[in-house]
1. For the chain, compute Rh as the Kirkwood radius over C-alpha pairs and then the Stokes-Einstein diffusion coefficient at 4 °C and 1.567 mPa s; write the answer in µm²/s, rounded to an integer.
2. For Ala179, list long-range residues whose amide hydrogen, built 1.01 Å from N in the peptide plane, is under 5 Å from its own amide hydrogen.
3. With r as the distance between the Cβ atoms of Leu398 and Ile373 and R0 = 25 Å, compute the FRET efficiency 1/(1 + (r/R0)^6) and round to 0.05.
4. At a Förster distance of 30 Å, what's the computed FRET efficiency of Thr389 paired with Lys176, Cβ-Cβ distance as r, to 0.05?
5. Any lysines with Cα under 17 Å of the Lys360 Cα? List them, leaving off those in the same chain fewer than 8 positions away.
6. Give the calculated FRET efficiency between Leu116 and Asn312 to the nearest 0.05, with a Förster radius of 45 Å applied to their Cβ-Cβ distance.
7. Going by average Cβ neighbours within 10 Å, how do the peptides 227-236, 324-333 rank, with the highest at the top?
8. Could you tell me the largest-minus-smallest coordinate of the C-alpha atoms of the stretch 179-335 on each of the three principal axes, in descending order and whole angstroms?
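The values are calculated or read from the model by the stated rules, or taken from the named source; none is laboratory data. Since the model is a prediction, treat every value here as computed from it, not as a measurement. Cβ placement follows ideal geometry from the backbone for every residue including glycine, while neighbour counts extend to all protein chains displayed. These accessible areas exclude ligands, DNA and RNA; they are computed on the full protein's heavy atoms, side chains included. Shrake-Rupley method; radii C 1.70, N 1.55, O 1.52, S 1.80 Å.
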Amino acid sequence: MSKVLGIIAEYDPFHNGHAYMVKEAINCVSDVYDCTPDDVIRIAAISGDFTQRGEPALIDKWSRAEMAMRQGFDLVVGMPVVFCCNNAGYFAKAGVEILESLGAEVIAFGSETTHLQTLLNAASRRASITEEQQEMIKSMVKEGKSYPAALSEVLGEEVQFGPNDSLGIEYIRHMKKAAPIPVKRRGAEHDSGEAFGPIASASFIRRRLLDGEPLEAVSELIPSTTMDVLKRESEAQGFCSPDMLFKLIASKVASSSDDELNAVYGAEEGLGSKLKDEFRYAAGWDGLLWALKSKRYTMTRVQRVLIHMLTNLTKDMVHEAKPYVRILAFNARGAAHLKSLKRSDALTLTLIENIKTDLKEHPDLRSTFEMDILSADLYNIALGRDLYTNSEYVKKPLIF
C-alpha cells in the first residue's frame, strides 16, 4: 500500500545534500510503514521566485520544480510568495497545510537534532506560549538578540536548536494530520562557507555561481540532473542575483511616500522612512541592506522587507492570505494521486488550474495569487526575460 511523503523545500539549487535527505526520508517511511521505497509517493512544496531568506531564487520555481522531478519526485507544487518569503511560522504553516491537503501522511525535514521527542516537546511549548512571554521575547529582540535565541531563553530550553531544528519545530507545530520525520543533516551546516566532500549548503553553491565561477566549480556538489538545468538556464539568461533587483527597489522607494513605505509589512517601525532617507547613498543591494541593518533588525528580516516593499505587501494582506495548491510539475503517478484526491473530495485547499476562471470562483484567494503574478513579473523583469511567455498566465505545469 502506498504512503504519501511530503517535503517543504526551496531547492535553490537542488544539491547532493538534498538528494541524501530525500533518499533517507523515503527509506525511513518504507521502514516505519513496512512498504517498499517504490510505494512512497513523493510530493514537494517549494518556494516561489522569492525565497524565505528574502532574496530572488537563483533560477525560477519552474526550473527548480524540474530539478526535483528529475530526482524522483512525483508532484511539485508552489507555495504562495506571501507565505514563502516570510518568517518561519508563516513559511511552515503554509507548507504543511498545502502538503496535508495533498494527502501527505508523513512530512520529512532536515534536522541537526533528529531526536523526535525533543522536537515534539519544543513544538508543544511554543504552541502554548503566553502573551507575557511574547512581550519578553519582543523586548529581547529589540535589545539585539535573535528571535530564535530569545524564544529559547524565555522558554527555558536547554537544547541548543539549529536553524533546521527551529524550522522543523514550526512544521510540527502546524501538523494536524501528518507524522513528522526528522532526517539528520549531513556534512555542511546551514549557510556554511565551505564544502564537506560532496556536500555543501545551497548558499555556498549560490555564492560561487553568483561570484562568476564556472558551473564546473560546483559540479561535484550537485547531481548531474541539476547541472543540466543550471547549464541551460545559465546559457539562456543567467542566474538571478539580489543586485538585479536594486534599480527596481530604488525606483519603488523614489516614487513612494514615507507613509506608503512604512505601511509595508515588516517596515511598520519606521524602516520605510529610514530607507527613503538613505537609498540614494546605496550603490547596490548590499548598500540597501546596510542602510537598514541594525542591532534590532537581522539581515534576513531587512532582505524580506525590501522584497515586501517591491511587491507592496501590507500586514492586512498577510493576515488575510490563504494558501492554495498550484501545480508546477507532475508525472503519471502524481497525476493519478491528484485524480484520486479530486474523486474522493479529499483535496481540502483550492486547486488553481485556470487562473482567470478559478480566481473568479474563489475571490478570497485573488489578492494572494495576484502577489504571485506580480512576483513572477518582477523576477522576469530583473532577468530581462520576455514577460508574456514567462508569465503566470501562460506557464503550464511540467509533465514528466
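1. Numbers: Rh = 21.8 Å.
D = 59 µm²/s.
2. Answer set, sorted by chain and number: Val106, Ile107.
3. Numbers: r = 19 Å, r/R0 = 0.75.
Efficiency computed from Cβ-Cβ geometry: 0.85.
4. On the way: r = 39 Å, r/R0 = 1.31.
With a Förster radius of 30 Å, E is 0.15.
5. Straight-distance partners of Lys360: Lys322.
6. On the way: r = 41 Å, r/R0 = 0.91.
Taking R0 as 45 Å, the efficiency between Leu116 and Asn312 is 0.65.
7. Working: 227-236: 15.1, 324-333: 20.9.
Ranking, from highest mean packing down: 324-333, 227-236.
8. The principal-axis extents, from largest down, are 49, 38, 34 Å.
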